Each structure stands twice: as structure tokens, then as C-alpha cells.
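Okay, structure first, notes after.
The values are calculated or read from the model by the stated rules, or taken from the named source; none is laboratory data. The structure displayed is predicted, hence computed values, not measured ones. Using ideal geometry, Cβ is built from the backbone for each residue, glycine included, and neighbour counts are taken over all protein chains shown. Ligands, DNA and RNA are excluded from the accessible area calculation, which covers all protein heavy atoms including side chains. Shrake-Rupley method; radii C 1.70, N 1.55, O 1.52, S 1.80 Å.
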Amino acid sequence: NVSTDLNGNWDIVESMIGAVPTVSLPTSCPDGKIVQVAGRVWVTIGAQPGGSWLELAPKPLFGRQTSDQSVSSATTGTTLVDTTMTITGIPAALYFDFSSFWRYAAHTTGKLKIALTAPAGALMDWLPLGKEAAQPAGSTGENAWAALEVGGQPWFNGNTTDGTSKMTAAPTGFFFSGDGGTLTVRMAQTASFATATTMYTNSFITLTLLN
């Protein structure tokens with residue numbers, strides 16, 4: 001039951017064979033019971049009392065771009081589309097390190113615009129870290145070096161001569177999961193342009209538990 005419940009997403013970091021950890025854990029529970037106390041996760045090996053405890057550490061949550069994805073003239077401004085960089089099943093009320101690496105191509109007119117769909121109540125402070133795309137007056141979006149919150153929509157510039165040269169961005173920051181759920185990267189062009197803006201396969205996002 002333990003391997004099924006863990007679903008491959010956890011690593012053992014401490015074994016308390018024949019002892020009870022110095023945290024408030026249940027004194028009576030069945031074999032394979034998973035409990036979380038104060039941000040730490042434990043599983044029983046054998047029924048309690050009398051069994052053993054294993055402390056577990058979650059592996060980073062991971063969302064990958066599974067194929068090249070392009071947007072062009074019709075997908076601009078607020079008409080963002082979901083990429084396949086999605087993390088589902090994020091637990092509620094936990095703090096994570098957010099990191100990512102994106103490979104994209106964009107014309108200097110169409111550019112790349114990014115937004116995130118996050119769980120209700122989520123909080124985020126993040127830095128887009130990519131090639132600057134200056135904002136005209138009255139536009140919706142932020143520069144690539146701006147300090148953003150969860151609703152930020154940064155713009156990334158393309159190559160100066162074409163829309164096929166691959167560019168990179170590495171957004172990073174802090175993420176609080178709120179009510180828990182799903183985090184998804186969305187994309188669009190910043191201005192309507194026939195040359196497509198493309199997010200390439202194996203771009204990714206990760207969430208690593210901090211507490």
C-alpha cells in the first residue's frame with residue numbers, strides 16, 4: 001500500500017525504526033498510513049503502536065512542454081492559450097521554490113507574452129529573467145526584469161532579425177499554493193503578427209517544497 005500511496009513522488013529522508021519521532025504523530029494508525037505534521041510527511045511501516053515511521057521528502061513537482069507549440073496573429077493580448085507546462089495536484093497551503101527554463105522563438109514585432117493560471121488563494125513573487133521587451137504606454141504586461149506577483153504577464157523579446165532563432169528565459173521565484181490545485185503556463189503574442197511565436201519541447205517548470 002505504501003508504494004501505491006506515494007505514487008513515486010517521495011524520497012525517504014529519515015527512518016525511525018522502532019522509535020517515535022519527536023513530533024506529534026498519531027499513536028494508533030494502520031500500516032501504510034501517510035500523515036503530515038507541521039510541513040513534514042511521515043508514513044507508517046507496520047501498524048502503530050509497535051511499527052516504525054519513515055519521514056518522506058517530496059520530489060519536485062514538474063511540468064514539461066511535451067511538443068512545440070506556436071501562436072500567431074489571432075492569439076494576442078488577453079487571448080492567451082494554455083501550454084502543456086502544467087503541474088496538477090499541488091497540495092494546499094504550502095510554500096515552494098518556483099523555477100523554470102523556457103526555449104522559445106519570436107519575431108521582434110510579435111514577441112512572447114506569458115501568464116500563469118494558479119490555484120485560488122495562491123501567492124507568488126517571481127522574476128521573469130529573459131530578454132527585455134519594453135512596454136509601450138498603456139499596455140498590459142511587465143518587463144522581463146520586473147518583480148511580479150501571481151497575476152503578472154511579462155513580455156519577452158525575440159531575435160532582432162527573424163522569428164526562428166531560439167531564445168531562452170529562466171523565470172524563478174517564490175510560490176504559495178493557496179487552496180491547492182493546478183499551475184499552468186499560458187502564452188500569446190504581444191501584438192498581432194503573422195510570424196508565429198513558438199514555445200519549444202522540453203521547456204519546463206518545477207515546484208520544490210520549502211516547508
If I go through region 194-210 residue by residue, how many of them are open to solvent by less than 30 Å² (accessible area, probe 1.4 Å) and in a strand (DSSP E or B)?
6
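So, in region 1-34, of the ones that are modelled with pLDDT of 70 or more and hydrophobic (A, V, I, L, M, F, W, C), which residue ends up nearest to the chain's Cα centre (by Cα)?
Our first condition is that a residue be modelled with pLDDT of 70 or more; within region 1-34, this holds for 24-34.
Narrowing the set further to residues that are hydrophobic (A, V, I, L, M, F, W, C) leaves 25, 29, 34.
On the way: LEU25: 30, CYS29: 33, ILE34: 24 Å.
Looking at the filtered set, the residue picked out is ILE34.
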Taking the criterion of being closer than 28 Å to PHE96 by Cα, modelled with pLDDT under 80 and small (Gly, Ala, Ser), would at least one residue in region 137-145 satisfy it?
yes
For region 163-176, give me each residue that is open to solvent by less than 50 Å² (accessible area, probe 1.4 Å), more than 23 Å from ALA93 (Cα to Cα) and either in contact with a Ser or Thr (Cβ under 9 Å, 6 or more places away or on another chain) or not in a strand (DSSP E or B) (or both).
GLY163, SER165, ALA169, ALA170
What residue, among those in region 35-72 that are more than 24 Å from the chain's Cα centre (by Cα) and open to solvent by 40 Å² or more (accessible area, probe 1.4 Å), is nearest to GLN189 (Cα to Cα)?
SER72
Of the conditions (1) open to solvent by less than 30 Å² (accessible area, probe 1.4 Å); (2) in a loop (DSSP other than H, G, I, E, B), ASP179 satisfies every one except a single condition; which number is it?
(1)
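Which residue, of THR182, THR208, is under 30 Å from GLU55 (Cα atoms) and at pLDDT 95 or above? Don't jump to the end; show me each part of the working.
Working: THR208 fails: at pLDDT 95 or above.
After ruling out the rest, the residue left standing is THR182.
Would you check which residues across region 50-64 are touching a strand residue (DSSP E or B) at 6+ places or on another chain (Cβ under 7 Å), over 30 Å from THR84 (Cα atoms) and assigned to a loop (DSSP other than H, G, I, E, B) and list them? Break it down stepwise before answering.
To start, the set of residues in region 50-64 that are touching a strand residue (DSSP E or B) at 6+ places or on another chain (Cβ under 7 Å) comprises 51-64.
After this cut, where a residue has to be over 30 Å from THR84 (Cα atoms) as well, the list is 51-55.
GLY51, the sole residue that qualifies.
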Of (1) farther than 25 Å from PRO119 by Cβ; (2) at pLDDT 85 or above; (3) not basic (Lys, Arg), THR164 satisfies every one except (2)
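Of the residues that make up region 114-123, is at least one at pLDDT below 90 and part of a loop (DSSP other than H, G, I, E, B)? Reasoning before the result, please.
Taking region 114-123 and keeping what is at pLDDT below 90, we get none.
Scanning region 114-123, I find no residue that is at pLDDT below 90 and part of a loop (DSSP other than H, G, I, E, B), so the answer is no.
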Quickly run through region 146-161 and pick out the residues that are modelled with pLDDT under 80 and touching a Pro at 6+ places or on another chain (Cβ under 9 Å).
ALA146
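Could you please find all residues in region 143-195 being basic (Lys, Arg) and more than 14 Å from the chain's Cα centre (by Cα)? Step through it out loud before you land on a result.
From region 143-195, those basic (Lys, Arg) are 166, 186; that's our starting set.
Passing the criteria: only LYS166.
Suppose the filter is of a type outside the set (Ser, Thr, Tyr), without any contact (Cβ under 8 Å) to a residue 60 or more places away in the chain, surrounded by 15 or more Cβ atoms within 10 Å (Cβ to Cβ) and not in a loop (DSSP other than H, G, I, E, B); does TRP102 pass it?
On the way: of a type outside the set (Ser, Thr, Tyr): yes; without any contact (Cβ under 8 Å) to a residue 60 or more places away in the chain: no; surrounded by 15 or more Cβ atoms within 10 Å (Cβ to Cβ): yes; not in a loop (DSSP other than H, G, I, E, B): yes.
Considered against the rule, which asks whether it is of a type outside the set (Ser, Thr, Tyr), without any contact (Cβ under 8 Å) to a residue 60 or more places away in the chain, surrounded by 15 or more Cβ atoms within 10 Å (Cβ to Cβ) and not in a loop (DSSP other than H, G, I, E, B), TRP102 comes out as no.
Out of curiosity, is THR84 surrounded by 14 or more Cβ atoms within 10 Å (Cβ to Cβ), modelled with pLDDT of 90 or more and polar (S, T, N, Q)?
yes
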